Structures are given as structure tokens and as C-alpha cells.
Amino acid sequence: MSKRFLITTAIDYANGSPHIGHAYEKILTDVIARYKRLSDVPVHFVTGLDEHGQKVQMSAEKKGIEPLEICDSLAEEFQSLCQRLNISNDDYIRTTETRHKKVVQTLLQKLFDEGKIYKADYNGYYSVRQEQFVTEKEKVNGQWPKLYGEVNEITESNYFFKLSEHQDWLIDTIRSDASLIYPRFRSADVLNFLKEPLNDLCISRPKERLSWGIELPFDDGFVTYVWFDALVNYITAAGYGTESFEDYWPADYHVIGKDILSPPHAVYWPIMLKALGIPLPKHYLVHGWWLNSGSKMSKSDGDVVNPLDLINTYGADAFRYFVICEMNVGQDSDFSEELFQKRYNSDLANDLGNLVSRLLNMGHRFADGIIPKAEIEEAEEKVVLEHWKSLKSDIFDLYDTFQFHKALEKIFSFIAELNRYTEMRAPWKLAKSEDAKDKLRLATTLATMSEGLRLASILLQPVMPQTAENILNSLGQKSVELFSDHVEWGTQLAGSSYGEKSILFPKKDR
Ligand code: MSP
């Protein structure tokens, strides 16, 4: 088998319901996966759930149930969101699965046997309320912030993974590989972090404090803690330890939010892999945050946007369109339902939806429901064709460089062109004319609108797969499997039947 293009999302914490940030990351990754498949690249797309840890254990204790029960129900919730969003993942990994526990334990044992993990006493400040160690750095004006509650100095035995000896290698790697982190400016955060000497990473928690985790294979009094468990999901899902591992690994892209680049993904993970003799992922694609009036939307903040509410009101493709259109990958973006509705009504209901319903309407009225052949080419058609040519020459480059918001802008400007063309040609007037040339113009107009819509839909397929399929069906076509052969302006539609008139995006009022 040839090497798969392995693309992953972060695995979500099982400590609350999904919100727009989780949904966005999956959609972004899905757009890339779909785009690559359409470009004839064999893709393997993995997402999943990060299930162990203090918060899950605590909420299970509060509810008086097993932690796994909470995780099972959240796994269902996250996976059903993926389905609702039409996410085309090939695998869904849960860190409580046996395949994952085995890999984590194998790796821990290997590193322990090689002396790369050691036991030591850890002396530090412990926040009881947050159930975590904190450092002096977190103090504000010499005081621990209230959110930490009571902070005590404690000494605890734990296991540590040697990070520091790889610091120089990591700095060189990040400096020398300009394509490792996208957008490039995010490397600066990592290099900044690496200016300070690295402390070794505490990778365990004593079971009396945290039992909901993967047991250390060399000491059953401890479980492994957070990142050592979570990051390993990427190689578990790639089949580490099986013959097919090399068909998947290294990952081509880890798609993650900016909060988990440094240190987990850009410091711990490369060093873990280096210590294990496993190649590094090829790239990180680091996206920004969805904000709510300027601050990060997160589960602990009550005011999160529930993607399901929006999908129920506007449909999955409208949601996909909005988040891809409004986010310049790598930057932050503020969410507002008002803007959502504005975009929905103007771009989707008016520009795209109306074009489709007008075409179908006229196709049935003026052409007996059969897509006509373009009969002539006048200045009006030439403008459309030129616009198409310029769109086609830009669009793949925009998709390849993750400028999806610009790609959508261009596709929608072509859709606006088709609307302009329709207004100019006014087929409803041509239909009334007895002039033989006007009859040719009428057929040509319908053919040009149909062909333009066919091509626009194919380009929209990675972002709005269902809408593209619906439009293509209404032109007697199926969604395409590959871009090649399907993105030439041509006459392949003539003779196909128009589908029933339908409203793709009913207008919404608040
Ligand atoms: N479990 C860890 C990741 C482990 S990966 C080996 C985690 N989980 S998370 O649920 O907190 O976040 C999952 C992903 O969602 C992260 O990439 C995070 O950046 C992203 N988002 C969470 N909130 C977000 C926004 N408000 N906006 C955009 N994405 C953000 O971190």
C-alpha cells in the first residue's frame, strides 16, 4: 500500500459537551481531507477523545458513576456531532481502548528500560482546588490567584521523562524546518518557550490521587498523566507496532489549536518521538480560537456556542460554510449569530440558493426540463468564461495553502458573476422573443448558468459536500470523486435532466 496522507485533529477532552471550537477543528481538517481525496491523494483522517484524567474522575465521583460511563456518553455525543457535520474521518480513537493502552504501556516500558524515564521526588506547590501543581510564575502580586484555592507545598514521588537533553536538537529542528509549523509565526512561541532550560516532564500521578488513567507497566502504584497518554493516540491510530505503521506514519498534518502547540505538541511530542526513534510528524497546522466577545470560548465558560443548535436551525453545510469563511486559518475570529445569519441570508439563501432555484425554475419552463446545449458565444458568455478561468487558476493554490476563506470568497464572487450574467441575459425576456437568435441565446444562457453552477459546486465540495451533491444531482450529475476531468468548462451537461425545483437555503429571520 502506498503511504497514506495521515491527518489528525487533537483529541477532545471528555469533560464536557462539544462546542464551536471542537466543531471548527473537525471541519477544517475535514475540508483538507476531502480536498486531498479529490486531488487523488489517499487520505487517512483520525479524530478522537481524550478520556483519562482528574476532571473526568472528579465528575464521575460527583455523579456516583464510573468514569467510563461519562466517557461513553461523551464519545457518543462527539461522534454524533461528527456525523451531523458530515465529517469524513476514517477512524475515531478513544484513549480507553485496549489498542491505545497497549501502545502507551509498550512505549513507557521501552523508555524506562533505556533509562529515559526515572523516579524522583517532586517538591512543589499543589493547588487542591485545581488538583494540579502550580509554580511561582503563576503568582500575581506575590499571591496565588483565587482560582487555585488553597495552595500547599508538598513532596511527592513521581516518574519523569528526560526532556532537557534534547533541547538543542529541538531548537535546531524547529529553526531549520520552515514548513514544520503553519503559520510560521507560531514557531516563535515555541522558540521563546525553549529559551528557558527545559525541566524534565512529570509523566505520572500516584494512584491514590488519580486512578483514572493508564497504569505504568513498571509500577502499579502510578498511572501515566495527561500528555504522555494523549499524544500517543496519534501513533496508536497509525498502527504502531503493526506492519502497516509505515503506511501511515509520519503524520502529514496534526491540526491543533494554538493553545496546545507549545509545549505539548511542539516540545513534548517531538522529544518523545526522538527518544523512541520514531520520525516526527511532517507538519502542524495551528488554528486560532473562536472567541465570544473577545475571549476564548471554552467549556468552563457558560456562554459557549452549541454547534447543534446552529445546525438544527441552518443545516450542517451552512455551519461548515460559515466557520471556514469567517476564519483566516491561524488567526482568531469572533463568533456572533447575527453575523452567521447575515452570511447565511446573503451568500447562501440569496446568491447561491436563488441562482439554483431560478435555474431549475427556468429549465423546466423554458427548456422542458432538459439542459440545453450552448449555441452561441457572445460578449456576455465570454465574461463568464474569463471569470471561470481566473477562478480555476487561483483556487487550487488557495486550497493548497489553507487559504480557505479566500477560496470561498473567489467561488462566491464567481457565483455573483453568474447572477449578474443571468440578470443581463434576462432569459424570461428571451423566452418571449420570436427572434431566432434570441432562442439560441436562451438555450445558451441556461447552458452557461448550468455549467457555471456545476463547476462552482465541484469547487465547493470540500467545504459543502451535501450542498454540492444536491446541486449536482439537480443537474443530473453525481458528486465527483476526483477534480481532474471534472473542472474543465465544457458541454457535458447538455441532454441531462434538471431536478425538481427546491429551496436549498430557506431565508431565516431572527
Ligand atoms: N485533549 C487535549 C488535546 C490532546 S491532543 C493529543 C485538548 N482537548 S480540548 O477539548 O481542550 O481541545 C481540543 C481542540 O479544540 C484543541 O485543538 C483546542 O485548541 C480546540 N479548541 C478548544 N476551544 C477552542 C476555541 N474556542 N476555538 C477554536 N478551537 C479551540 O486540548
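Determine the gain in length on full extension of the stretch M1-K110; use 0.36 nm per residue of separation and subtract their C-alpha separation, reporting nm with one decimal.
Working: separation 109, 0.36 × 109 = 39.24 nm, distance 2.86 nm.
That works out to 36.4 nm of additional length.
Considering only DSSP states other than H, G, I, E and B, which chymotrypsin sites (Phe, Trp or Tyr not before Pro) in the stretch 197-252 qualify as loop sites with at most 15 other Cβ atoms within 10 Å?
Those that pass, being in a loop and sparsely packed, are F218.
List the residues, sorted by chain then number, that are 5 or more residues from Y225 or on another chain and whose placed amide H is less than 5 Å from its amide H.
Amide H to amide H, under 5 Å and 5 or more residues apart or across chains, Y225 pairs with S204, R205.
Could you work out the helix-only [θ] at 222 nm for the chain, with each DSSP H run of four or more residues adding -39,500 (n - 2.57) and the total divided by the number of residues, to the nearest 500 deg cm²/dmol?
Using -39500 (n - 2.57) per qualifying helix, the result is -14000 deg cm²/dmol.
Long-range amide H contacts for D91: which residues qualify at under 5 Å (H placed 1.01 Å from N, peptide plane, sequence gap of 5 or more or a different chain)?
Residues meeting the amide H criterion: F45, T47.
Quick one: which residues, 5+ away or cross-chain, put their amide H under 5 Å from the amide H of I181? H built at 1.01 Å from N.
Amide H neighbours of I181, under 5 Å, 5+ apart: Y284.
Relative contact order for the chain: what percent, with Cα pairs under 8 Å and sequence separation of 6 or more? Write out the running numbers ahead of the final one.
On the way: 789 pairs, mean separation 82.4, N = 510.
Once normalised by length, the contact order is 16 percent.
Can you compute the FRET efficiency between D435 and K282 using 1/(1 + (r/R0)^6), with r the Cβ-Cβ distance and R0 = 60 Å? Round to the nearest 0.05.
With a Förster radius of 60 Å, E is 0.50.
Using θ = phi - 60° and the Karplus form 6.51 cos²θ - 1.76 cosθ + 1.60, what ³J(HN,Hα) does each residue of the stretch 181-186 get, whole Hz, x for Gly and Pro?
With the stated coefficients, the stretch 181-186 comes to 10, 10, x, 4, 4, 5 Hz.
Determine the gain in length on full extension of the stretch E377-K478; use 0.36 nm per residue of separation and subtract their C-alpha separation, reporting nm with one decimal.
33.6 nm
Over the stretch 336-510, what is the relative contact order in percent, taking alpha-carbon pairs closer than 8 angstrom and at least six residues apart?
Rounded, it is 36 percent for the stretch 336-510.
For the pair D485 and E386, how long in nm is the line joining their label points, each one 7 Å along Cα→Cβ?
That separation, rounded to one decimal, is 3.3 nm.
Where in the stretch 1-24 does the amide nitrogen come within less than 17 Å of the point 7 Å from the Cα of Q466, taken along Cα to Cβ?
The answer is 23-24.
Could you check how many percent of all C-alpha pairs in the chain are farther apart than 40 Å? Mind dumping the intermediate values first?
Details: 42194 of 129795 pairs.
Across the chain, Cα pairs with separations above 40 Å total 33 percent.
Which of the pairs K119/K139; K110/K207; K26/K296; K282/K392 have their Cα atoms more than 26 Å apart in this structure?
K119/K139; K282/K392, as the Cα separations exceed 26 Å there.
³J(HN,Hα) across the stretch 266-279 via Karplus (A = 6.51, B = -1.76, C = 1.60, θ = phi - 60°), whole Hz, x for Gly/Pro?
Each residue of the stretch 266-279 in turn: 9, 10, 4, 5, x, 6, 4, 5, 4, 5, 8, x, 10, x Hz.
Mind giving me the FRET efficiency for N306 and E409? R0 is 22 Å, r the Cβ-Cβ distance, nearest 0.05 is fine. Mind dumping the intermediate values first?
Values: r = 28 Å, r/R0 = 1.25.
FRET efficiency, N306 to E409: 0.20.
Please give the length that would be gained between K207 and K146 if that part of the chain were fully extended, namely 0.36 nm times their separation in residues minus their C-alpha to C-alpha distance (nm, one decimal).
19.2 nm
Using a Förster distance of 30 Å, how high is the FRET efficiency between Q83 and S59, based on the Cβ-Cβ distance and rounded to 0.05?
On the way: r = 25 Å, r/R0 = 0.83.
According to the calculation, E is roughly 0.75.
Taking θ as phi - 60°, what are the ³J(HN,Hα) couplings along the stretch 65-80 by the Karplus curve (6.51, -1.76, 1.60), each to the nearest whole Hz, with x for Gly and Pro?
Couplings: 10, 6, x, 5, 5, 4, 5, 4, 6, 5, 4, 5, 5, 5, 5, 6 Hz.
Over the stretch 5-145, what relative contact order in percent results from Cα pairs under 8 Å that are six or more residues apart?
24 percent
Bear in mind that the values in this text are calculations on the coordinates, not laboratory data. These figures come from a predicted structure and were not determined experimentally. We place every Cβ from the backbone using ideal geometry, glycine too, and count neighbours over all the protein chains shown.
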